[in-house]
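Heads up: the structure comes next, in structure tokens.
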Amino acid sequence: MADHEHEFESTTSGASDTFPMQCSALRKNGFVVLKGKPCKIVDMTTSKTGKHGHAKVHLVGLDIFTGKKCEDICPSTHNMQVPSVTRKELEVIDLSEDGFFSLMGEDGDMRDDLKITENCSPNTPEAIRELIATAEASGERVLATVWKAMGEEVVKELKTGKAN
């Protein structure tokens, strides 16, 4: 008999990228998955119950990573997927020539894998370098707010804060 090789795939911690929520329970400024993208709900209208028995909810959202507008219509009793969105603040150490941030977490771990995007505020290398220089001169530090959802991460905004 020949030995059979078994191949096992690894899995994650079990935490899901999304969870279901009834459409009627969603709220403006909350999050929802529209067209496969994590979106912040900017407008929501509900129609009256029609002859087929369901009130419809019209959702308008902005993709949290690209800022693009997404829309969908869903019966109010159906479930929609809601992304698990986390926010984390990391200290900005530097900005490379090719637009990648050097970030340091509270535990001292360094990250160099996040790049400037159009939706970052400020979003030009010159403005970011000026912010870093101004903060250092006044004894402050620059903090980057990093949003993570559905396997993607992006720096959303930069702000200054007191150095510890």
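How big is the dipole moment of the chain about its Cα centre under a simple scheme where the beta carbon of each Lys and Arg is +1, that of each Asp and Glu is -1, and everything else is neutral? Debye, nearest 20, please. Show your work: numbers first, answer last.
Working: 20 positive and 27 negative charges, 330 e Å.
For this selection, approximately 1580 debye.
Quick one: 3J(HN,Hα) in Hz for the stretch 42-54, Karplus 6.51/-1.76/1.60 with θ = phi - 60°, rounded, Gly and Pro as x.
Calculated HN-Hα couplings, in order: 10, 8, 8, 10, 10, 8, 6, 4, x, 5, 9, x, 10 Hz.
If amide H atoms are built 1.01 Å from N in the plane of the peptide, which residues on other chains or at least 5 residues away come under 5 Å of the amide H of Leu143?
Here Val92, Lys159, Thr160, Gly161 satisfy the definition.
Read phi for every residue in the stretch 107-116 and hand back ³J(HN,Hα) as whole Hz from Karplus 6.51 cos²θ - 1.76 cosθ + 1.60, θ = phi - 60°, with x for Gly and Pro.
Per residue, the Karplus-derived 3J(HN,Hα) values read 7, x, 6, 9, 10, 10, 10, 10, 10, 4 Hz.
What ³J(HN,Hα) values, in whole Hz, does the Karplus curve 6.51 cos²θ - 1.76 cosθ + 1.60 give for the stretch 135-152 when θ = phi - 60°, with x put for Gly and Pro?
Along the stretch 135-152, the couplings run 5, 4, 5, 9, x, 9, 10, 9, 10, 9, 8, 9, 9, 10, 7, 6, x, 10 Hz.
Which FRET efficiency, nearest 0.05, do Arg111 and His78 yield, Cβ-Cβ r, R0 35 Å?
0.35
In whole angstrom, note down how far apart the Cα centers of the stretch 95-130 and the stretch 29-85 are.
31
Taking a probe of 1.4 angstrom, what is the accessible area of Ser102 in Å², to the nearest 10?
Solvent-accessible area, nearest 10 Å²: 30 Å².
Just list whichever of Lys68/Lys159; Lys28/Lys115; Lys56/Lys115; Lys28/Lys51; Lys28/Lys162; Lys48/Lys148 have alpha carbons separated by over 31 Å in the model shown.
Pairs exceeding 31 Å: Lys56/Lys115; Lys28/Lys162; Lys48/Lys148.
Please compute the net charge surrounding Ala133, taking Lys and Arg as +1 and Asp and Glu as -1 over other residues with Cβ under 13 Å from its Cβ.
Around Ala133, the surrounding residues sum to -3.
Please list Ile132, Ile73 from largest to smallest accessible area, probe radius 1.4 Å, with all protein chains kept in place.
Ile73, Ile132
Collect residues whose amide H, placed 1.01 Å from N in the peptide plane, falls under 5 Å from the amide H of Leu114; neighbours closer than 5 in sequence don't count.
Under 5 Å from the amide H of Leu114: Phe101.
Which of Leu103, Thr145, Ile128 sits closest to the plus end of the dipole of the stretch 85-162, meaning its Cα is farthest towards the positive end, when Lys and Arg get +1 and Asp and Glu get -1 on the C-beta?
Thr145
The values are calculated or read from the model by the stated rules, or taken from the named source; none is laboratory data. Quick caveat: nothing in here was measured; it's all calculated off a predicted structure. Using ideal geometry, Cβ is built from the backbone for each residue, glycine included, and neighbour counts are taken over all protein chains shown. These accessible areas exclude ligands, DNA and RNA; they are computed on the full protein's heavy atoms, side chains included. Shrake-Rupley method; radii C 1.70, N 1.55, O 1.52, S 1.80 Å.
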